[in-house]
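Single-structure report; data block below.
Every number here is computed from the coordinates shown, using simple stated rules; none is lab data. The structure displayed is predicted, hence computed values, not measured ones. Positions of Cβ are generated from backbone atoms using ideal geometry, with glycine treated the same way; all protein chains shown enter the neighbour counts.
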Amino acid sequence: MVFTDTDGSAYLYFGGARQPRVVRLDSDMVSTAGSITDVVLDGSTRFAEAPHIRKVGDTCYERDFACPRYVDA
């Protein structure tokens, strides 16, 4: 899933094997602009697939097939 932040930065969220990952996308939305990093899930080790990121204020929330939770983004 591609998440575009309020500053215009775009990130690709993906993952499997119980570990979500994120990488920043370049302005062409195809190339990456950095390295792939693991996403830190606050208080949860459950992750399935199909991540969805929603930002409310300065806090990002991750919701996937397993359950909703806070994401340290």
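Report, by chain and number, residues whose modeled amide H sits under 5 Å from the one on V39, excluding near sequence neighbours (fewer than 5 apart, same chain). Under 5 Å from the amide H of V39: R21, V22.
Would you mind counting up the charge near S9? Only other residues with Cβ under 15 Å from its Cβ, with Lys and Arg at +1 and Asp and Glu at -1.
Here the count lands on -3.
In a fully extended conformation the segment linking T37 and T59 would gain 6.1 nm over its present Cα-Cα distance, using 0.36 nm per residue.
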